[in-house]
1. Quick check on segment 44-62. Is at least one of its residues touching a residue at least 24 places away in the same chain (Cβ under 8 Å), in contact with a Leu (Cβ under 8 Å, 6 or more places away or on another chain), buried (at least 21 other Cβ atoms within 10 Å of the Cβ) and hydrophobic (A, V, I, L, M, F, W, C)?
2. Going through segment 81-101 one residue at a time, which ones are surrounded by 18 or more Cβ atoms within 10 Å (Cβ to Cβ) and not small (G, A, S)?
3. Can you name the condition, by its number, that S245 falls short on among (1) surrounded by fewer than 20 Cβ atoms within 10 Å (Cβ to Cβ); (2) closer than 30 Å to P228 by Cβ; (3) within 23 Å of the chain's Cα centre (by Cα)?
4. Residue under question is K165, and the condition is that it be loosely packed, with under 15 Cβ neighbours inside 10 Å and free of Cβ contacts under 8 Å to residues at least 60 places away in the same chain; does it hold?
5. Name the residue, out of V178, V191, that is part of a helix (DSSP H, G or I) and either open to solvent by 30 Å² or more (accessible area, probe 1.4 Å) or within 23 Å of L252 (Cα to Cα) (or both).
6. Check G225, G215 and return the single one that is within 24 Å of E120 (Cα to Cα), open to solvent by 50 Å² or more (accessible area, probe 1.4 Å) and at pLDDT below 95.
7. Look at segment 109-140 and say how many of its residues are at pLDDT 90 or above and either of a type in the set (G, A, S) or touching a Phe, Trp or Tyr at 6+ places or on another chain (Cβ under 9 Å) (or both).
8. Being open to solvent by less than 10 Å² (accessible area, probe 1.4 Å), of a type in the set (A, V, I, L, M), touching a helix residue (DSSP H, G or I) at 6+ places or on another chain (Cβ under 9 Å) and modelled with pLDDT of 90 or more narrows it down to one of I268, I296, so name that one.
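The values are calculated or read from the model by the stated rules, or taken from the named source; none is laboratory data. From a predicted model like this one, the values you see are computed outputs, not experimental measurements. A quick note on method: Cβ atoms are made from the backbone with ideal geometry, for glycine too, and the neighbour counts reach across all protein chains shown. Accessible surface areas use protein heavy atoms only, side chains included; no ligands, DNA or RNA. Shrake-Rupley method; radii C 1.70, N 1.55, O 1.52, S 1.80 Å.
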Amino acid sequence: MVIENLTLHNFRNYEEERFTFEEGLNVLTGRNAQGKTNCAEAVFYLCTGASLRIRHDRQLIRRGAPSAHITARVRTRFGIVQLEAAIFENKRELFVNGNKVTRAADFVGNMNSVFFSPGELRLIQDGPDERRRFLNLSISQTSREYCTALTRYQRILDQRNNLLKEHDLSLVSETLPVWDEQLASYAARIVRHRRRYLARLSPLARDAHAFLTDGAEELSLEMDGTYPENEDEIAEKLLRQFASSRERDMRLGFTSVGPHRDDIRISINGADARGYSSQGQARTAALSMKLAETQIFRELAGEAPVLILDDVMSELDLPRRKKLLERVRDIQCILTCTHAERVLYGAERNKIRIREGKIVR
């Protein structure tokens, strides 16, 4: 999978710019706050329909402009795909090959990408939200069923939470079982996909981590939660949990159990990475998970994703920079940095210099 070109119109600090990318390593270089990460963010948005940096799409629109547009031409093993996102103040419109799509599941997955930046330390050091977000974004790119189940689960969960805030207790007691039945069904699908994905991810992340650390450390990933094997049995267990937690949920005003509360246990040499890892260990563990994610996309989609490395090299020592470049040499990579020569040491690349939201030609 290769993104051939990217056009930005009133996106972030870009008024109008067109990027041409090559297979292999593409380096976006320039001083800080010039627009390198904004370009990388635009690529990721076309892959997932979401930004890793903001919650509201309107923040992506250039100041003073009515809307922003992102367009990309992508070469896949099935042929050329044209992707477009039009972002307005209160809505967005998504297009695949010129056709407007209304469901996120029809847009996500046409181009796959893996994004890594120094901020990915949150994946190891922060709370469960970050690890669930990682799973949701990653699995959704390769499974429309998961993307759809997740969207519907979240919609029903919001409705259940609103109901839990009602003062009419008889209404709550009568209506909750209806929502619980639907919630358990979609929750079971989410759990099944996550467990299957983590079973693939864990050994690949362990191997990548051993490669980056020369075998000095062992990385382990596990689901934090026990579920039956069968999807119907998972749904039945969750239904019982929803029922047994109703009184507590009514006091709290939100749903306290379910896959929206699950987590991944990440260990380095048997110790909890969240509590005991150093900055360097956490960074290497997160990078290993991202490299494993890249390999999973290659296996499931039949081709490698676009790898986005945002200001990563400055955080790694020289041996790990070399190992990382060796690991990704056969896939398209978009890498941002302030000094290309200092971090790449002669690696072949397509270098694009950016200044104040424009390519320096």
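1. yes
2. L83, E84, I87, L94
3. So the condition that S245 fails would be (3).
4. no
5. Of the residues listed, the single one that is part of a helix (DSSP H, G or I) and either open to solvent by 30 Å² or more (accessible area, probe 1.4 Å) or within 23 Å of L252 (Cα to Cα) (or both) is V178.
6. G215
7. Going through segment 109-140 one residue at a time, the tally reaches 12.
8. Criteria check complete, one pass: I296.
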